[in-house]
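Single-structure report; data block below.
The values are calculated or read from the model by the stated rules, or taken from the named source; none is laboratory data. Worth saying up front: this structure is predicted, and the values here are computed from it rather than measured. Every residue, glycine as well, gets a Cβ built from its backbone with ideal geometry; the counts of neighbours run over all protein chains shown. Each accessible area value is taken on the protein alone, full model and side chains, heavy atoms only, with ligands, DNA and RNA left out. Shrake-Rupley method; radii C 1.70, N 1.55, O 1.52, S 1.80 Å.
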Amino acid sequence: EVQLVESGGGLVKPGGSLRLSCAASGFTFSSYGMNWVRQAPGKGLEWVSSISSRSSYIYYTDSVKGRFTISRDDVKNSLYLQMNSLRADDTAVYYCVRGSYYFDYWGRGTLVTVSS
Amino acid sequence: EIVLTQSPGTLSLSPGDSATLSCRASEGISSSYLAWYQHKPGQAPWLLIYGASSRATGIPDRFSGSGSGTDFTLTISRLEPEDFAVYYCQQYGGSPLYTFGQGTKLEIK
């Protein structure tokens, strides 16, 4: 059974940093592209970042470029999102998502709240 | 940027009815790169349809997708109580790499 479990969310002040983690199991993690997708309170889904297998390709949505860094550890079957210079509009549930072109498995999400 | 516009914003129907949800792209996209998701509050989104018309694993045949170019449709026949949720379309390609529609809320009438 495919499982994606996020952790690392919480309350942080504007300008602060957080590192999200996603523990993957039930599939060959190294073979899949992985992604972060977020949902702000009362809003729709927004793609944040993607990393291909072997970390060959990395992409970000414009609003997080230069502030967020996606990475993966294929030995630990884990996906990460380092978030720096956080802003109030980064407040959202962050989902760890498997897939390329479309997203076939999602975690339950971790809440990040940016507030003073 | 490719913008996906979903309509209607809210659809009020009864169990047993059929639902037709629309997703219109601001420019033509490949059918291979159009997907639909179901999202219930507090749960992870769930892939329903990929490649515009292929059902994901375990998705009942009451769910069907169609369309090409700029106009795509998700049809849900014989609505079950568990089908009432928010539905999103999503496309791949361009900048940003992935975009979602704003969602259609399917609610019980």
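Some points to look at:
- Only one entry of A:33, A:44 meets the criterion of being open to solvent by less than 30 Å² (accessible area, probe 1.4 Å), small (Gly, Ala, Ser), within 12 Å of another protein chain (Cβ to nearest Cβ) and free of Cβ contacts under 8 Å to residues at least 24 places away in the same chain, and that entry is A:44.
The rows are residues; the columns are (1) touching a helix residue (DSSP H, G or I) at 6+ places or on another chain (Cβ under 8 Å); (2) in a strand (DSSP E or B); (3) open to solvent by less than 20 Å² (accessible area, probe 1.4 Å); (4) among the acidic types (Asp, Glu).
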{"position": "B:43", "(1), (2), (3), (4)": "no, no, no, no"}
{"position": "B:47", "(1), (2), (3), (4)": "no, yes, yes, no"}
{"position": "B:64", "(1), (2), (3), (4)": "no, yes, no, no"}
{"position": "B:70", "(1), (2), (3), (4)": "no, yes, no, no"}
{"position": "B:74", "(1), (2), (3), (4)": "no, yes, yes, no"}
{"position": "B:88", "(1), (2), (3), (4)": "no, yes, yes, no"}
{"position": "B:91", "(1), (2), (3), (4)": "yes, yes, yes, no"}
{"position": "B:96", "(1), (2), (3), (4)": "yes, no, no, no"}
{"position": "B:99", "(1), (2), (3), (4)": "no, yes, yes, no"}
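- Only residues that are touching a residue at least 12 places away in the same chain (Cβ under 8 Å) and facing another protein chain (nearest Cβ under 10 Å) were counted across the range B:49-83, and they come to 3.
- Residue in the range B:47-62 that is over 16 Å from residue A:103 (Cβ atoms), over 15 Å from the mean Cα position of the chain (by Cα) and not aromatic (Phe, Trp, Tyr) present: no
- Output for the range B:76-86, where each listed residue is out of contact with any Gly (no Cβ under 7 Å at 6 or more places or on another chain) and in a strand (DSSP E or B): B:76
- Filter pass, residue A:19 being open to solvent by 50 Å² or more (accessible area, probe 1.4 Å), over 28 Å from residue B:94 (Cβ atoms), within 14 Å of chain B (Cβ to nearest Cβ) and in contact (Cβ under 8 Å) with a residue 40 or more places away in the chain: no
- All positions within the range A:86-116 that are away from chain B (no Cβ under 14 Å), closer than 21 Å to residue B:41 by Cβ and open to solvent by 20 Å² or more (accessible area, probe 1.4 Å): A:91, A:113
- Single unsatisfied condition, residue B:36 versus (1) away from chain A (no Cβ under 14 Å); (2) closer than 16 Å to residue B:20 by Cα: (1)
- When the range B:1-40 is filtered for residues that are open to solvent by 60 Å² or more (accessible area, probe 1.4 Å), of a type outside the set (Ser, Thr, Tyr) and within 13 Å of the chain's Cα centre (by Cα), only B:24 remains.
Okay, residues lined up against (1) assigned to a loop (DSSP other than H, G, I, E, B); (2) under 14 Å from residue B:89 (Cα atoms):
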{"site": "B:2", "(1), (2)": "yes, yes"}
{"site": "B:5", "(1), (2)": "no, yes"}
{"site": "B:11", "(1), (2)": "no, no"}
{"site": "B:16", "(1), (2)": "yes, no"}
{"site": "B:20", "(1), (2)": "no, yes"}
{"site": "B:25", "(1), (2)": "no, yes"}
{"site": "B:28", "(1), (2)": "no, no"}
{"site": "B:32", "(1), (2)": "no, yes"}
{"site": "B:36", "(1), (2)": "no, yes"}
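- Residue in the range A:62-72 that is open to solvent by 10 Å² or more (accessible area, probe 1.4 Å) and closer than 28 Å to residue B:54 by Cβ present: yes
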